[in-house]
Amino acid sequence: MKRLLIALILAASTSALYAQAQTEDADENKDKMENNKWYLKGISGLNFSQTSLSNWAAGGDNAFGGNLYLNGSLNRKSGNWLFANTFAFEYGLNNTASAGTQKTVDRLEFSSQLGYSTDHIWYYTVMGDFRSQFAKGFNYPDKTNYISKFMAPAYSNISVGLEYRPNKIYSVYMSPIATKLTFVEDDFLSGIGAFGVDPGDRFMAEMGAFFKIRAQRPLMENVSAITVADFFTAYDSSFGNIDINWDLMINMKINKYLSATISTSLKYDDDVKIKSFDEQGQLSTRGPRVQFKEVIGVGLAYNF
């Protein structure tokens, strides 16, 4: 029930942005997609952070970090057909004198869909997506034993459903026929049964229902947002335990070259077991947990 409540709160919060998108436009027709025209929208940039200390009595450590990101969409409508794609790439590092270099952000995602409509609002849609990371991940400060890498894990959702897309700003997709694929293409990680696969297996497939909402629009002058939320529940004994993947990026333009960004990611996967330790460092519990990440940065940005 608690997990279902979280999913409903996220859906309601994201839907509020979509409702705002629909009510604030005085002329909704300007957001309609024109025929046989490509629409490329998004943001890319490079953020920096730095801390420098000299004879600082309170203590601390010199640090330098940065992350490179690209987030956007590419769409085209041709007659009754709609071809829509979204992509998100992000990678970041942080270096301190005591801990050395550590990975802070690592994200590789894209989605593609093909839809057919008779009213240019509701689309019968086939959708596929892919999510993974670029490099190995570690449970710092341990830099010897990696806990993830490219294609370990990797996730793909393949589904058939119905999408509501009244304009270029937002869309809502619903699928009662979906397959969630989990890949663990690494001998060590598959051997320990990481990310929900059976020990020794590199692949797991689950049939279920899939729901996706997406919005990309200005919030106010020089402030824009991109958000994508996915929800999946399997048709098995765990039905009702909803896997959640919700990303939000807010970009605030300072001037022609500089901007500040806030990006958050919230994840919940019923198959991913997170370890918890007591005060003595002993394993106390192992189970699914809400995962949350936030990155705030200032740097160079380009909107397109």
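The values are calculated or read from the model by the stated rules, or taken from the named source; none is laboratory data. Because the structure is predicted, anything quoted here is derived from the model rather than measured. Because the Cβ atoms are built from the backbone with ideal geometry, glycine has one as well, and the counts that use them run over all protein chains shown. We work out accessible area using only protein heavy atoms, side chains counted, and drop any ligands, DNA or RNA first. Shrake-Rupley method; radii C 1.70, N 1.55, O 1.52, S 1.80 Å.
Rolling a 1.4 Å probe over the protein heavy atoms gives region 102-165 an accessible area of 49 Å² per residue.
Between the C-alpha center of region 200-247 and that of region 97-133 there is a gap of 10 Å.
In order along region 239-245, the Karplus-derived 3J(HN,Hα) couplings, from 6.51 cos²θ - 1.76 cosθ + 1.60 at θ = phi - 60°, round to 3, x, 7, 9, 7, 10, 9 Hz, and Gly and Pro are given as x. Within the accessible area of the chain, the carbon and sulfur atoms contribute 60%, probe 1.4 Å, all protein chains present.
Going by accessible surface with a 1.4 Å probe and the largest first, Y302, Y69, Y140 read Y302, Y140, Y69.
Under the simplified labelling scheme, the L181-Y257 pair shows an inter-label distance of 4.5 nm, with each label point 7 Å from Cα along Cα→Cβ. The charge dipole of region 128-256, taken about its Cα centre with unit charges on the Cβ atoms of Lys, Arg (+1), Asp and Glu (-1) only, comes to about 780 debye.
Ordering of 249-257, 94-102 by packing is 249-257, 94-102, highest average first (other Cβ atoms within 10 Å, averaged per residue). Output ³J(HN,Hα) for region 211-225: one whole-Hz value per residue in order, computed from phi by the Karplus curve 6.51 cos²θ - 1.76 cosθ + 1.60 with θ = phi - 60°, and x for Gly and Pro. So the Karplus estimates, Gly and Pro as x, are 9, 9, 10, 8, 9, 8, 6, x, 9, 6, 4, 6, 10, 9, 9 Hz.
Packing order of peptides 265-271, 208-214, 189-195, highest average first: 208-214, 265-271, 189-195 (average count of other Cβ atoms within 10 Å over each peptide's residues). Putting +1 on Lys and Arg Cβ atoms and -1 on Asp and Glu Cβ atoms, find which of A194, M204, M151 reaches farthest to the positive end of the dipole of region 128-218. Selected residue: M151. Residues in region 77-90 carry Karplus couplings, in order, of 10, 9, x, 8, 9, 10, 10, 10, 9, 10, 8, 8, 10, 7 Hz; the curve used is 6.51 cos²θ - 1.76 cosθ + 1.60 with θ = phi - 60°, and Gly or Pro positions show x. Between Y39 and T101, the contour length at 0.36 nm per residue exceeds the Cα-Cα span by 18.5 nm.
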